[in-house]
1. Take the residues in the range 13-34 that are farther than 28 Å from ILE3 by Cβ and in contact with a Gly (Cβ under 9 Å, 6 or more places away or on another chain), then tell me which one is least open to solvent (accessible area, probe 1.4 Å).
2. Would you mind stating whether ASN28 is on the phi > 0 side of the Ramachandran plot, touching a residue at least 24 places away in the same chain (Cβ under 8 Å) and out of contact with any His (no Cβ under 7 Å at 6 or more places or on another chain)?
3. Which pairs turn up if I take residues in the range 206-234 that are within 24 Å of ILE20 (Cβ to Cβ) and look for partners that are aromatic (Phe, Trp, Tyr) with beta carbon separation below 6 Å, at least 6 apart in sequence or on another chain?
4. So which of ASN125, ASN79, ASN95 ends up being more than 20 Å from MET190 (Cβ to Cβ), of a type outside the set (Asp, Glu) and touching a residue at least 40 places away in the same chain (Cβ under 8 Å)?
5. Would you mind finding the one in ILE7, ILE45, ILE37 that is touching a strand residue (DSSP E or B) at 6+ places or on another chain (Cβ under 8 Å), crowded, with 24+ Cβ neighbours inside 10 Å, among the aliphatic types (A, V, I, L, M) and within 20 Å of ASP97 (Cα to Cα)?
6. Would you mind stating whether GLU213 is assigned to a helix (DSSP H, G or I), surrounded by fewer than 12 Cβ atoms within 10 Å (Cβ to Cβ) and not β-branched (Val, Ile, Thr)?
7. Given the conditions (1) at pLDDT 95 or above; (2) outside any loop (DSSP other than H, G, I, E, B); (3) closer than 30 Å to GLY78 by Cα, which single one is not true for PHE177?
8. Among the numbered criteria (1) of a type outside the set (Lys, Arg); (2) in contact with a strand residue (DSSP E or B) (Cβ under 7 Å, 6 or more places away or on another chain); (3) open to solvent by less than 50 Å² (accessible area, probe 1.4 Å); (4) free of Cβ contacts under 8 Å to residues at least 12 places away in the same chain, which one does PHE148 miss?
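The values are calculated or read from the model by the stated rules, or taken from the named source; none is laboratory data. Values in this document were obtained by computation on a predicted structure and should not be read as measured data. Cβ coordinates were reconstructed from backbone atoms using ideal geometry, including for glycine residues, and neighbour counts include every protein chain displayed. Side chains are part of the model used for accessible areas, which takes the heavy atoms of the whole protein and leaves out ligands, DNA and RNA. Shrake-Rupley method; radii C 1.70, N 1.55, O 1.52, S 1.80 Å.
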Amino acid sequence: MKISAIITAAGSGSRMASKIPKQFLKINGVPIIERTIRKFFSIDIIDEIIVIVRKEELDFYNKLTKKYNKKIKIAIGGNTREKSTYNGLLKTDANSDIIICHDGVRPFVTKEIILEAIRNMKDYNAVIVGVPVKDTIKSIREDKTIAFTPVRKYLYQAQTPQVFKRQVILDAYNKCFTEDIQVTDDSSLMEIIGEKVKIIDGSYSNIKITTKEDLVFGEIIAKSEDELENRNRL
């Protein structure tokens, strides 16, 4: 079984309101994107890593990938989220069986979670990671009045990684472009084509760094991770 991981890092990060793209911001001294890449690079059964980047940031990634040998490929992002991911898919080895899609600014996913998602692929064509929502969720109308309140015990907050059989995700993206479908995550495409998606438990620490508040939380997680790693080396 051949496995490819796609890490998306072509976003502008406008919600961070930073002059530096958020994927390059450092948490405990290490750029966010490098922290993310390290997690996937450490897993031997992942054969290749495709990082989707903005063209103007190629120099940074070319320097970074030298640390991690030829296991890493670079793809240039498109003008939409869907096109960026598809560009990454086209860079994957045609013999890959499984595709892992992960946010570049979600650096605290654990090796155990990634492996558990891969293990579940023996029974499904699509597996995603998520956590039960903690708050009561409200669905609203255009005028911001409440339409209804979904039952919380059936609600999960989707995270990444999201894992798919390669041909299934390629077929889903072809439908996406044919029918001009826009989605906020890859598993939504699986739902549209009628594919059953399995969700497994992730971690509340597996945060996506989107705002300045996330950086504060991220520093706490990173220091804990780094201290544990340093102790394990001793």
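1. LEU25
2. Values: on the phi > 0 side of the Ramachandran plot: yes; touching a residue at least 24 places away in the same chain (Cβ under 8 Å): yes; out of contact with any His (no Cβ under 7 Å at 6 or more places or on another chain): yes.
So ASN28 fits the description; yes.
3. The qualifying pairs are ASN206/PHE108; ILE221/PHE108.
4. Values: ASN125 fails: more than 20 Å from MET190 (Cβ to Cβ); ASN79 fails: touching a residue at least 40 places away in the same chain (Cβ under 8 Å).
The match here is ASN95.
5. Numbers: ILE45 fails: crowded, with 24+ Cβ neighbours inside 10 Å; ILE37 fails: within 20 Å of ASP97 (Cα to Cα).
Answer to the selection: ILE7.
6. Details: assigned to a helix (DSSP H, G or I): yes; surrounded by fewer than 12 Cβ atoms within 10 Å (Cβ to Cβ): yes; not β-branched (Val, Ile, Thr): yes.
Taking the combined requirement at face value, the residue satisfies it.
7. (1)
8. (3)
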